[in-house]
Amino acid sequence: MTVSAIDPRDLCLPPRLLAAFDRSADCGLLAVVGGAVRDLLLHRVHLDPLRGLPDLDLVVELAPEADPADPRPAAHRLAESLLQETPAAAVGFCQFHRAFGTVELELEGILLDLATARRETYPAPGENPVVSYGSLEEDLARRDFSINAMALVFATPGPGLRLLDPHAGCADLARRQLRLLHGSSLKDDPTRIVRAARYAARLGFSLAPESLEQLHATLARWPWGERHGAGSGGSRVPPALGTRLRMELELLLEREPWEAALACLQAWGALVLVDPALQGDTGWRRRLGWARRCGLPLLAALLAGSESAAAVATRLQLPHGQQRLLAQLALLRQAWLALEATPSTPLAWTTFLERPGWSAEAVALALVSGALPRRPLLRWWCRWRHLTSPVPAADLIATGLRPGPALGERLRQLRGERLQRERV
């Protein structure tokens, strides 16, 4: 893939914002990085998936002539310069993150993430990296794949933007392949495996042969690999890695063609990163399809295929509501296995499913996971749980029945009689 100088207008930025970028060059070397560069070279518009607005990641490298006594990170200096150049009416929002030297803002209807150029090192496999300020080249070197490690640099001599491609990302775009930047990329951060599946599903790319070899080598020695069993080794995985893995899985399920992405992970043998039981799971497509219809969280539905789902949810730091949902599913399964006789009528099913200890959503999760017979659970979810007494409480009170336990018992009795007329 041959790329000549790129016209700044190809970024679809308003002229006033482009002019502000040019005038802000004294804040440091400024470059567009990441997905926006990749998508521009693929003739795509890089949009924020939630708001549908153009979304640019910008990295600024501190200028050599900058005042060393100025404590502001380079990205903060740039943001302040841009805000001075932009009318207040064109500023949607602005959020400075002092601890990380980054800024999020919306200018002229464009979402901008500004970051100071950084370098990073990993103190141990899977741990959060140690980050310090560095050069643009070092910032690109810390990224995941070559196709995401390119930059379009502003304020350089000559027309247009200069493409900086130190890792041959253009060649990999032409080959339609995902190539990791270095041999310890997945050892440093195994969640890049999930990111590879996201990009493979979205772009239709495949893993480069050497990157696929690195993937298999990483899975073979990683602590929660299949050889350690479903319940062991979890404590050897850094907690920060579990959190990052959950975040990558959420992005996969919420923003990507999840069926194709999960199929990639399974084909690579990589679902063991989530839980070894899921690697051989053949029911996740149907389970997640049902979960979408029932409005259930897809990640909880994915984990519901494992008998150790609650433990995996804790390891991945799922939101408390989802952890509680999976714990309730485990209780429901236990109660089902402890039954001496299978319910045979709508009333018996309703009585069992509406026991204290689990929510209606847990019953729905049992439905989508196949933990209990599907037909009566589907009937309960769609119809039986919505049935009430044919005689309202107000009418019973009008006949002389006083509010209290007796009224509640009469309403339950009438509802039960109505359920008895239903069919399974």
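Computed from the coordinates by the stated procedures, all read-outs in this text should not be read as laboratory data. These figures come from a predicted structure and were not determined experimentally. Note that each Cβ is placed from the backbone with ideal geometry, even for glycine, and that neighbours are counted across all protein chains shown.
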Q: Working from Cα positions, state the angle (0 to 90°, nearest 10) between the long axis of helix 360-369 and the longest principal axis of the chain.
A: 80
**Q.** Nitroxide proxy distance, nm - points 7 Å out along Cα→Cβ at LEU378 and LEU339
**A.** 1.7
Q: Rounded to whole Å and ordered largest first, report the semi-axes of the equivalent ellipsoid of the range 95-158 derived from its Cα gyration tensor (root of 5λ).
A: 23, 18, 12
Q) Once the other residues with Cβ under 13 Å from the Cβ of ASN148 are scored (Lys, Arg +1; Asp, Glu -1), what is the net sum? A) +2
Q: Distance from a point 7 Å along Cα→Cβ of GLU138 to each backbone N in the range 89-130: keep the residues under 14 Å and list them by number.
A: 116-122, 130
Q: For helix 209-221, report the angle its Cα long axis makes with the longest principal axis of the Cα atoms of the chain; keep it between 0 and 90° and round to the nearest 10°.
A: 50
Q | For LEU365, LEU11, LEU212, LEU178, order by how many other beta-carbon atoms lie within 10 Å, fewest first | A | LEU212, LEU11, LEU178, LEU365
Q | Rg in Å to one decimal, and Dmax rounded to a whole Å, for the range 8-175 via C-alpha atoms | A | 15.7, 47
Q: Give the distance, in whole Å, between the Cα centre of the range 126-145 and the Cα centre of the range 161-198.
A: 13
Q | Local electrostatic count at ASP10 - Lys and Arg +1, Asp and Glu -1, tallied over other residues with Cβ under 12 Å | A | 0
Q: List, largest first, the extents of the alpha carbons of the range 119-194 along their principal axes, each in whole Å.
A: 44, 32, 17
Q. Given the Cα-Cα distance of ARG221 and GLU409 and 0.36 nm per residue of separation, how much length would full extension add, in nm?
A. 61.7 nm
**Q.** Mean Cα-pair separation over length for the range 237-310, i.e. relative contact order, pairs under 8 Å, 6 or more apart, %
**A.** 25
Q) What's the exposure ranking of SER306, SER184, going from fewest to most Cβ atoms within 10 Å? A) SER184, SER306
Q. If each residue's Cβ is checked for other Cβ atoms within 10 Å, how do ARG162, ARG192 rank with the fewest at the top?
A. ARG162, ARG192
Q: Could you tell me which trypsin sites (Lys or Arg not before Pro) in the range 346-424 are loop residues by DSSP with no more than 16 other beta carbons within 10 angstrom of their beta carbon?
A: ARG383, ARG421, ARG423
(Q) I want the local charge near ALA309. Using Cβ-Cβ distances under 15 Å, sum +1 for each Lys or Arg and -1 for each Asp or Glu among the other residues. (A) +1
Q) What list of ³J(HN,Hα) values in whole Hz, one per residue of the range 42-54 in order, does the Karplus curve 6.51 cos²θ - 1.76 cosθ + 1.60 (θ = phi - 60°) give from phi, with Gly and Pro shown as x? A) 8, 6, 10, 9, 7, 10, 5, x, 8, 9, x, 9, x
Q. For the chain, modelled as a GNM with alpha-carbon contacts under 10 angstrom, which of ARG202, ARG244, ARG51 fluctuates the most?
A. ARG51
Q. Taking the Cα atoms only, what angle lies between the long axis of helix 405-420 and the longest principal axis of the chain, rounded to 10 degrees?
A. 90
**Q.** Loop sites in the range 77-144: trypsin sites (Lys or Arg not before Pro), DSSP, at most 14 other Cβ within 10 Å
**A.** ARG98
Q.
Tell me the mean residue ellipticity at 222 nm calculated for the chain from its helices only (DSSP H runs of n ≥ 4, each -39500 (n - 2.57), averaged over every residue, nearest 500).
A. -13000 deg cm²/dmol
Q: Considering the options LEU365, LEU316, ALA196, tell which one lies farthest towards the positive end of the dipole of the chain, charges being +1 on Lys and Arg and -1 on Asp and Glu at the Cβ, about the Cα centre.
A: LEU365
Q) With the chain treated as a Gaussian network of Cα nodes joined by springs under 10 Å, which of LEU58, LEU215, LEU396 yields the largest mean-square fluctuation? A) LEU396
